[in-house]
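Colleague: Can you read through this structure? Questions will come right after.
The values are calculated or read from the model by the stated rules, or taken from the named source; none is laboratory data. Note that the coordinates shown come from a computational prediction; the quantities given were computed from them, not determined experimentally. Cβ: placed from backbone, ideal geometry, glycine included. Neighbour counts: every protein chain shown. Note: areas computed on protein heavy atoms with side chains; ligands, DNA, RNA excluded. Shrake-Rupley method; radii C 1.70, N 1.55, O 1.52, S 1.80 Å.
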Amino acid sequence: MTDQPTRMRGDLGLLSVVAFGVAYMAPAVVTSIFGVIAATSKGAAPTAYLIATGAMLLTGLSYAKMAKVHPSSGSVYTYARKELDSRIGFLAGWALLLDYLFLPMVAWLLQAIYLHAQFPAVPEWAWLVINVALATLINIIGLKTADRINRVLLIGVTGILLVLAALCVHYGSGHGGAPAASHAFWNHATSVSAVTAAAAVAAYAFLGFDAVSTLSEEVRDPQRTIPRSIVLTVLTGGAIFIAISFLMQWAHPGGAFPDENSAGYLVSTTVGGRTFADVANIISMLGGFASCVAIQASTSRLMFVMGRDGALPRQVFGRLHRKLLTPVANVLIIGLVGLLAMNLSLADATSFINFGAFLGFTLVNLCVIAYAVRQWRSGTRHSRLRYFLLPVAGAAVDVYLITQLGSTAVELGLGWLAIGIVWLAVITKGFRRPAPELQLRSAGEDAPARPASAAAVRPTS
């Protein structure tokens, strides 16, 4: 590995990173799941998104703190190994891989399903192969190319959402006016329990803001750029979700729909006609492709850092292309996993995700507390509100979200975690040694790979 590059190219700016995070979350998802959120909240979708935004912001602030302290592409894997223990860090990264590795598969499968529905002459499996191949090619070339494509697609998605917003305002103002608008946030059928249950579902729309932290080694001034990007991604995504869900709820008061899963298309047809709904559907699918590119990119970076450390086989996962400086093998592996979706239903595929994400969110909040405690012991005092109370609240929210997952998701998550524990026992000689780690001298200078000592995994401050 001494003659192999161990750092990626750091030339992305704040706007690019926020665009990456927003693209990962796929803002058009607000129209896709509008019916589910509206029905669960009893017609108060924007209130559910407002609560979800606040809940996710708690964890986003913890990610921002850790990204400033540890500007590495390893995300929670790096934070946990530095602040808690190298072995806990490995399990954190392993759990997050469950989400990151299978989320691209779900994204590609959704694309294939919608594209086949729109263009039935092309079989679903063919759309899946096309999407996987294009996203893989873009990510092999590098993030600069992915960034340009993401920006173009995001402009298209933003444009169609703005048109939808204007049509909803026009329709809503002519069918109920101000009273109906206020009822979009709260009405006689709404209850606290209904809104909080809907907020738990709405929180899934935010999955991906944490992926911004996997770009730490590919941005300019990561200790400043990444924390700001994480918070801005949560706020931008939340603002889009709240605004669009409010206007759609205004146009269609209440939570009753013939089919909750197609309620977004129904509202688009109601306010703009079938032609507009079809065009909006196509552009939303293009936005979904941007999400696929971003998801695959972030997953490959996490796998690279774990491979570079030796937590995963280094010769496969810890290598960069000499010229492109991209983890080509990881990108290809994710693409191959994505093709497994040809043999899975959407319900089966989605069972693989969420457990790892919310477990990782919980650990990031705990990392902030551990960091603050260590700092306090060394004489450096941090705000109890920002470094204890808010992270505790964030961890509590994340644990609650885990309890809201279906039994299949929890069982698969625990099974995946059990496999990780077995592999960890192998690479740590029965948990007697720290998990291996690559030591880097500086952001711009490579150092040979070697196992980390117990002292080496502790942060300096």
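Colleague: Give, as a single signed number, the net charge of other residues whose beta carbon lies under 15 Å from the beta carbon of Asp99, with Lys and Arg counted +1 and Asp and Glu -1.
Modeller: In short, -1.
Colleague: While we're here: Roughly how many debye, to the nearest 20, is the charge dipole of the chain about its Cα centre, given +1 on each Lys and Arg Cβ, -1 on each Asp and Glu Cβ, and no other charges?
Modeller: Details: 32 positive and 21 negative charges, 360 e Å.
That gives the chain a dipole magnitude of about 1740 debye.
Colleague: Please report, in Å, the Rg and the Dmax of segment 337-433, where both are computed over Cα atoms only.
Modeller: Calculated on Cα positions, Rg and Dmax stand at 17.8, 56 Å.
Colleague: Then there's this: Relative to the present Cα-Cα distance, how much length would full extension add between Arg224 and Arg274 at 0.36 nm per residue of separation?
Modeller: Net length gain for the segment: 13.4 nm.
Colleague: Still on this structure, I have one more. Find out how many positive minus negative residues lie around Ala64, taking Lys and Arg as positive, Asp and Glu as negative, among other residues whose Cβ is under 12 Å from that of Ala64. Before the final figure, lay out the partial values.
Modeller: Numbers: positive: Lys65, Lys68, Arg224, Arg228, Arg386; negative: Asp210.
Around Ala64, the surrounding residues sum to +4.
Colleague: Can you sort Val279, Val192 by 1.4 Å-probe accessible area, starting with the largest?
Modeller: On the way: Val279 70, Val192 100 Å².
Result of the area sort, largest leading: Val192, Val279.
Colleague: How much net charge surrounds Phe289 when only the other residues with a Cβ under 15 Å from the Cβ of Phe289 are counted, with Lys and Arg +1 and Asp and Glu -1?
Modeller: +1
Colleague: As I understand it, the dipole of the chain uses +1 on the Cβ of Lys and Arg and -1 on the Cβ of Asp and Glu, about the Cα centre. Which of Leu363, Gly172, Gln223 lies farthest toward its positive end?
Modeller: Gln223
Colleague: Which of the DSSP-defined H helices in the chain satisfy a minimum axial length of 18 Å, computed from C-alpha atoms, and a minimum mean Kyte-Doolittle hydropathy of 0.5?
Modeller: Details: long enough: 45-69 (36 Å, 0.91); 86-118 (48 Å, 1.15); 124-141 (26 Å, 1.68); 143-174 (45 Å, 1.14); 222-251 (43 Å, 1.02); 263-309 (54 Å, 0.75); 355-377 (33 Å, 1.09); 390-403 (20 Å, 1.61); 407-427 (30 Å, 1.84).
Length and hydropathy pass: 45-69, 86-118, 124-141, 143-174, 222-251, 263-309, 355-377, 390-403, 407-427.
Colleague: Still on this structure, I have one more. For the chain, what is Rg from Cα atoms divided by 2.2 N^0.38 Å, rounded to two decimals?
Modeller: 0.97
Colleague: Taking a ≥ b ≥ c as the square roots of the Cα gyration tensor eigenvalues, with a/c under 1.5 meaning rounded and otherwise prolate when a/b beats b/c, else oblate, which class fits segment 1-138?
Modeller: Note, shape of segment 1-138 comes out oblate.
Colleague: Just how many pairs of Lys in the chain have C-alpha atoms closer than 25 Å, counting pairs that are eight or more places apart or on different chains?
Modeller: 5
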